[in-house]
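These notes concern the structure reproduced below.
Every read-out reported here was derived from the displayed coordinates using simple, explicitly stated rules and does not represent laboratory data. Keep in mind it's a predicted model, so treat the numbers as computed, not measured. Cβ: placed from backbone, ideal geometry, glycine included. Neighbour counts: every protein chain shown.
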Ligand SMILES: [Ca+2]
Ligand SMILES: [Ca+2]
């Protein structure tokens, strides 16, 4: 047996993850010991939260992709969960009462994030469970573990069955415990830190929100024409005065210069005639 070193974030300070047990699986606080005989039940498979950490070395896992494994199914796809990966660690634990009669239980647990690796296999040759033994001290909580005990994990060569769902979020087990524990360590992905509470980039208000539009220098002829206060003089009045008090007033138009000239001449002639008459 071994007591895990405190290498992980204490459970109480780890970010909460959504865990949904079903069947005979029950979520429970991890006890002081998870060695055989310390936390027994014939009906319940416990799910203990071992905490959250970032892996400081590659971790060998017995399964790193979906599948279902038992004595009649292919061996699970072993692999590595790489160094630097943030993980939340859980331990499924089934230990029947006593060491004589066997007990069976089944159930599943669903996680909000993907399962990155499962550690559970016990070898048929020597009955040791190397992936569990190798990680009690680095990924376990502050508890006594059955490190090095034969058959402490899952015996796929007997009647135990372990399944990782296709979406990697659900672990299903069907276990038979007799005189040893059945344990599965589960490494679950940790989502990136959320930006909650972090102020968004400085969204300064528009500097000249109250300034006039760019083209405001262009006079709005329609608006200014209706003020009624305009003092614009009438366009180009021409007044001709004859020597006999004759006065001829000619309105001109800018766009008609030939017409203007003709009117000027006509006005002058008329005035001259009146003056002469
Ligand atoms: Ca027992
Ligand atoms: Ca076992």
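Could you put 154, 30 in order, starting from the residue whose Cβ has the fewest other Cβ atoms within 10 Å?
Result, fewest neighbours first: 30, 154.
Can you pull the one-decimal nm distance between simple spin-label points at residue 157 and residue 43, each 7 Å off the Cα toward Cβ?
Placing both labels 7 Å beyond Cα along the Cβ direction yields 3.5 nm.
Enter the Cα centre distance for the pair the range 14-81 and the range 96-122, rounded to the nearest angstrom.
Result: 6 Å between the Cα centres.
Direction-averaged shadow area of the convex hull around the Cα atoms of the range 103-147, nm²?
So the Cα hull casts an average projection of 5.0 nm².
Based on the Cβ-Cβ distance of residue 165 and residue 33, what FRET efficiency does E = 1/(1 + (r/R0)^6) give at R0 = 22 Å, to the nearest 0.05?
With a Förster radius of 22 Å, E is 0.10.
Mind ordering 116-122, 130-136, 35-41 by average Cβ neighbours within 10 Å, highest first?
Top of the packing list down: 116-122, 130-136, 35-41.
Using a 7 Å offset from the Cα along the Cα-to-Cβ direction at both residue 101 and residue 68, what is the distance between the two label points in nm, to one decimal?
With each label placed 7 Å out from Cα toward Cβ, I get 2.9 nm.
Calculate the translational D of the range 8-189 in whole µm² s⁻¹ from Stokes-Einstein, where the hydrodynamic radius comes from the Kirkwood formula applied to all Cα pairs, the temperature is 4 °C and the viscosity 1.567 mPa s.
82
Along the Cα→Cβ direction, 7 angstrom out, place labels at residue 112 and residue 75. What is the inter-label distance in nm?
My value for the distance between the label points is 3.7 nm.
Take the Cα of residue 128, step 7 Å along the line toward its Cβ, and report every residue of the range 152-172 whose backbone nitrogen sits under 18 Å from that point.
From the range 152-172, the list is 152-156.
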